[in-house]
1. Given the criterion crowded, with 16+ Cβ neighbours inside 10 Å, among the polar types (S, T, N, Q) and closer than 30 Å to Lys290 by Cβ, identify the matching residue among Ser166, Ser131, Ser146, Ser155.
2. Residue check, Ala229 against (1) outside any strand (DSSP E or B); (2) of a type in the set (Gly, Ala, Ser); (3) touching a helix residue (DSSP H, G or I) at 6+ places or on another chain (Cβ under 7 Å); (4) modelled with pLDDT of 90 or more, all met but one. Which one?
3. Hand me the list of helices (runs of 4 or more DSSP H) wholly inside region 1-72 holding 2 or more residues that are more than 30 Å from Gly90 (Cβ to Cβ) and among the acidic types (Asp, Glu).
4. Can you tell me how many residues in region 116-150 are modelled with pLDDT of 75 or more, in contact with a strand residue (DSSP E or B) (Cβ under 6 Å, 6 or more places away or on another chain) and among the small types (Gly, Ala, Ser)?
5. Of all residues in region 232-243, which are surrounded by fewer than 21 Cβ atoms within 10 Å (Cβ to Cβ) and over 22 Å from Ser212 (Cα atoms)?
6. Can you tell me which residues in region 249-271 are open to solvent by 80 Å² or more (accessible area, probe 1.4 Å), assigned to a strand (DSSP E or B) and of a type outside the set (Lys, Arg)?
7. What do you reckon, is Arg281 in a strand (DSSP E or B) and open to solvent by 50 Å² or more (accessible area, probe 1.4 Å)?
8. Would you check if there is a residue in region 180-188 being part of a loop (DSSP other than H, G, I, E, B) and more than 24 Å from Leu145 (Cα to Cα)?
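The values are calculated or read from the model by the stated rules, or taken from the named source; none is laboratory data. The structure displayed is predicted, hence computed values, not measured ones. With ideal geometry, Cβ positions are generated from the backbone for all residues, glycine too; neighbour counts draw on all protein chains shown. Remember, those area values only see protein heavy atoms, side chains included, never the ligands or the DNA or RNA. Shrake-Rupley method; radii C 1.70, N 1.55, O 1.52, S 1.80 Å.
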Amino acid sequence: MTDLNLLRTFVAVAECRGVTQAAKALGVPKSTVSRQIAKLEEHRDASLFIRGRTGLDLTPFGHRLFEQVRRPILELSERRIEHSEGGLSGLVSLYAPAVYTRGVLQPILIDFLESHPGISLDLTLGDRFTSPDASDVDLVVHVGLSPGKAFEIWSLAPVEARLYASPKLFAEAAPPRHIADLQNWPFLTNNCSPGAHTKLNLFQKGESTSASTGPARLVASAPDLLATAAEKGTGIARLPTFIAEPFVSQGTLIPVLPDCVLDRHTVTLAKWHRNTNKSARVLAQFLVAKLGQ
């Protein structure tokens, strides 16, 4: 469960405001703490700490992550796990897209571990366009892809992408009111060349339409980076709603053309029919209860 271990280390460093103190609290070498923080920053493609006068301070991105994960991580760490005789136990291997895991699955998986102390989780993160051999893992999360007929499938809530921008961007001009207005604004996206204009396919009130955007100022495959750039007023960003929601709740991003949807992808959880891991089925049922349609 590497990703959760990284988050546990991150919370310790944030609370202790230093690597040395966090290492003592966790009972691990300082080099391990430093290595895990570096790995988490690499995974998130963002800096988490800056050096202050009295220790390490959180960056704005680090502060948002800390507020999101602190409580579930501490509850998981402080819980006294008691294994009852005959209780369900075992290891479940799960493969899921990294962005979807960070934005949706992360707190739910922590809740699962807390409520099922006998089950351990081996989580592998990838992108949504690739998946491992079915015999290598117990469960696979597919976003926008069909797992095939050899799998038992559970449907989870679909994900959408919409347009968002900072109120700063509209300090001197009103936000777009019509789809055609998008061509007058810089764009942040994941699927065109920098400086180029791109065509968007949108769904507005159930009808499909297309529109041209302004020049792309930032092209990146990491939606966290696009959201942070949009927060600074760099342009209008195409973002999954689960990435944008924390920024919207803080008021640092607002929806643009809120009645338009850019993408809507199905999300499925798949288990190979020959897989007999009972704990995997328990996790699948837990996820469906939390995220089922």
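1. Working: Ser166 fails: closer than 30 Å to Lys290 by Cβ; Ser146 fails: crowded, with 16+ Cβ neighbours inside 10 Å; Ser155 fails: crowded, with 16+ Cβ neighbours inside 10 Å.
Matching residue, one of Ser166, Ser131, Ser146, Ser155: Ser131.
2. Ala229 satisfies all of (1) outside any strand (DSSP E or B); (2) of a type in the set (Gly, Ala, Ser); (3) touching a helix residue (DSSP H, G or I) at 6+ places or on another chain (Cβ under 7 Å); (4) modelled with pLDDT of 90 or more except (3).
3. Output list reads 30-44.
4. Selection size over region 116-150: 2.
5. Those that are surrounded by fewer than 21 Cβ atoms within 10 Å (Cβ to Cβ) and over 22 Å from Ser212 (Cα atoms): Lys232, Phe242.
6. Thr266 - this is the single residue of region 249-271 that is open to solvent by 80 Å² or more (accessible area, probe 1.4 Å), assigned to a strand (DSSP E or B) and of a type outside the set (Lys, Arg).
7. Values: in a strand (DSSP E or B): no; open to solvent by 50 Å² or more (accessible area, probe 1.4 Å): yes.
It is false that Arg281 is in a strand (DSSP E or B) and open to solvent by 50 Å² or more (accessible area, probe 1.4 Å).
8. Checked region 180-188: at least one residue is part of a loop (DSSP other than H, G, I, E, B) and more than 24 Å from Leu145 (Cα to Cα).
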